[in-house]
Amino acid sequence: MVTSEVDTPTIAVYASAERSDVLGTPQEMASLLGLPLVEAPTSEYELLLVITEERLELHQTDAEVGPVYCDFMSGDFRRRRSGSLRSELLAKAVGYRGESLRIVDATAGFGRDAMLLALLGCHVAAIERDRVVAALLVDGVHRALGYPDLMEAVERLDLVTADSRDYLAALDEVPDVIYLDPMFVSKNRTARPKKELWALARLVRHEDDGASLLAAALESGCRRVVVKRPDDGAPLEVSDGRQPSTQFRGKTVRFDVYL
């Protein structure tokens, strides 16, 4: 197996279908993402970004788990969006009171929080810096266009592949809210994490990213910055020692709000 010098997994593109509806042919996708293209499934790489007839999937060749993909139509998220969105803790944390907000989700990942906010009626710029995760997100949002109850929300999403610190520094207009969900993984080694979180933890953020993202958000002049944290975790450190203005607590997570 190919190994990397840093803690980033090796990745290749493999196609079991002729093309992706939104990202083009396997050759085009591999070129766009700067990844090698393989002709057959192989354990030479730790991860394979696989083009299937249905969707774009991330396969972990060195683990006994199924594929990871961006999905807004089934499972936990479907149950979540079928409930009262205004009663969601996230809706309360961003200060939603029935009027559309302009929100920057600076850590989009697989886009579920961004989509939830768009379903509320907010306009969301979803920023993801990892090119593989961004490709999975684009594919999932494109497929969501096929569902009438998601179409309007998709139109309120603006997907951006960038480092959020650079994006925030270059803003011409400050949004109403900046939302951060720095990656945190349970310290309980016996607990099996959800496979989406496992994939994101391997590809994207480490916990020490959170402080620099929060600093960039606070320096932007945004009137409300929201940070998702584990319920028993400490607030992210801020250079001036600032603490959250208020907090919204759930059973396992907490939203720290800086006003």
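When 102, 79, 165 are arranged by Cβ crowding within 10 Å, least crowded first, meaning fewest neighbours, the order is 79, 102, 165.
Neighbour counts of other Cβ atoms within 10 Å put 115, 73, 151, 29 in the fewest-to-most order 151, 73, 29, 115. As a rough footprinting exposure proxy, the listed residues 251, 228, 92 were ranked by other beta carbons within 10 Å of their own, and the order from fewest upward is 251, 92, 228.
With viscosity set to 0.890 mPa s at 25 °C, what whole-number translational diffusion coefficient in µm²/s follows for the range 26-124 from Stokes-Einstein and a Kirkwood radius over Cα pairs? Approximately 152 µm²/s, per Stokes-Einstein.
Counting only helical runs of four or more DSSP H residues, what would the 222 nm mean residue ellipticity of the chain come to if each run contributes -39,500 (n - 2.57) and the total is spread over all its residues? Rounded to the nearest 500, the figure is -8000 deg cm²/dmol. Within the chain, the whole DSSP H helices whose Cα atoms reach 15 Å or more along their own axis and whose mean Kyte-Doolittle score is at least -0.5 are 131-144, 209-219. Over the range 11-60, the alpha carbon radius of gyration divided by the compact-protein estimate 2.2 N^0.38 Å works out to 0.98. Computed over the Cα atoms of the chain, the ratio of the radius of gyration to the Kirkwood radius (Rg/Rh) comes to 0.96.
Just so you know, all these numbers are worked out from the coordinates, no wet-lab data involved. In this text, all values refer to a predicted model and were calculated from it rather than measured experimentally. Positions of Cβ are generated from backbone atoms using ideal geometry, with glycine treated the same way; all protein chains shown enter the neighbour counts.
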